[in-house]
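The values are calculated or read from the model by the stated rules, or taken from the named source; none is laboratory data. All values reported here derive from a predicted model rather than from experimental measurement. Neighbour counts are summed over all protein chains in view; Cβ atoms, including those assigned to glycine, are modelled from backbone coordinates with ideal geometry. Keep in mind that these areas ignore ligands, DNA and RNA; they rest on the heavy atoms of the full protein, side chains included. Shrake-Rupley method; radii C 1.70, N 1.55, O 1.52, S 1.80 Å.
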Amino acid sequence: MKYMGSKNRIAKEILPIILKDRKANQYYVEPFCGGLGTFDKVTGLRIANDKNKYLIAMWKGLQENRPRPHEISKELYSKARIEFNNGTNIEFDDFMIGWIGFMGSFNGRFFDGGYSGKTETRNYIDEQIRNTEKQVQLLQGAEFYSFNYDKLVYPDNSIIYCDIPYKNTKQYSTSKDFNHSKFWQWCRDMTMKGHTVFISEYNAPNDFKCIWSKEVTNSMHTTNTSKPTERLFLYCA
């Protein structure tokens, strides 16, 4: 699934590091699961969480193979966007708002990039749907929740991978109030409780060690590309 900040392209490089010392029956948890670009490549006991309730409703509905439209017109998209903006469920439930919003929005930006649609050569919505549905078979047995990251219940000694809203970058509406200082302290506290916490970001406080880095092309606009350095951090107590 196309999703802003997806780690799908680097998952094969960072997951062996994250899972290197994973023990039998040890939970793997993503409190900022997003488009599941890394999560769908992990097996065993798994928990996916995201603050966006529509995103989690969508993933749970797909896991249950709920009926959904495979053609999303601009009219249907506009109706769902009104429900989202008003916080209502008059015509659509959370699953359907999530499905229409993430499948029908430009670059998967969930009503924040305009209607995706199609051109003479490409059907962007069809591509998004096909790519997303390929992930469904990989989600069986996974647990899904929608809480703020610090309210989620973590099984003892979990491996936690946090793909947080990056500081000083464009965010979704649900992450614009993200408190980075509070998050880094939470990572310290969780490590002290016995969890292993990995974090993706461009930069981190000095007491976090960068254990992997790579320059990656990042393009959220067809005419504007950049090559920031992705980094994976681990707290050094």
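For this structure, a couple of remarks:
- Angle in degrees between helix 74-86 and the longest Cα principal axis of the chain, rounded to the nearest 10: 50 degrees
- Added length on full extension, which subtracts the Cα-Cα distance from 0.36 nm per residue, Lys118 to Tyr145: 6.5 nm
- Computed with a 1.4 Å probe on the full set of protein chains, the accessible area for Phe144 sits at about 10 Å².
- Counting only DSSP beta bridges whose two residues both lie in the chain, roughly 55 percent are antiparallel.
- Net charge of Cβ neighbours under 11 Å - reference Ser105; Lys, Arg +1; Asp, Glu -1: +2
- Computed over neighbours whose Cβ is under 11 Å from that of Trp184, the net charge equals 0, Lys and Arg +1, Asp and Glu -1.
- Highest-fluctuation residue, Thr88, Thr196, Thr132 considered, GNM on the chain with Cα pairs under 10 Å: Thr88
- Seen from Glu143, the other residues with C-beta closer than 10 Å to its C-beta sum to a net charge of +2, counting Lys and Arg as +1 and Asp and Glu as -1.
- Which of Ala57, Leu76, Asn86, positive extreme of dipole for the chain (C-beta unit charges): Ala57
- Ordered from highest to lowest accessible area with the whole protein assembly present and a 1.4 Å probe, Glu120, Glu215, Glu71 read as Glu120, Glu71, Glu215.
- Cα gyration tensor shape for segment 119-201, rounded if a/c is under 1.5, else prolate or oblate: oblate
- Cα-based helix-to-principal-axis angle, 124-136 vs the chain, degrees rounded to 10: 50 degrees
- Long-range HN-HN contacts of Cys162 with modeled amide H, under 5 Å: Phe198, Ile199, Ser200
- Restricting the calculation to Cα atoms, the chain yields a radius of gyration followed by a Dmax of 17.8, 55 Å.
- Net length available on complete extension from Cys236 to Trp186 is 16.6 nm, with 0.36 nm assigned per residue and the Cα-Cα distance removed.
- Exposure of His70 as accessible area (Å², to 10), given a probe of 1.4 Å and all protein chains: 100 Å²
- Cα gyration tensor shape for segment 87-139, rounded if a/c is under 1.5, else prolate or oblate: oblate
- Nearest 10 degrees, 0 to 90: helix 53-63 Cα axis against the chain principal axis: 80 degrees
- Spatially proximal lysines relative to Lys151 (Cα-Cα < 16 Å; intrachain offsets below 8 disregarded): Lys51, Lys53, Lys182, Lys193
- Pairwise label distance in nanometres, Lys176 with Ile211, each label 7 Å out on the Cα-Cβ vector: 3.5 nm
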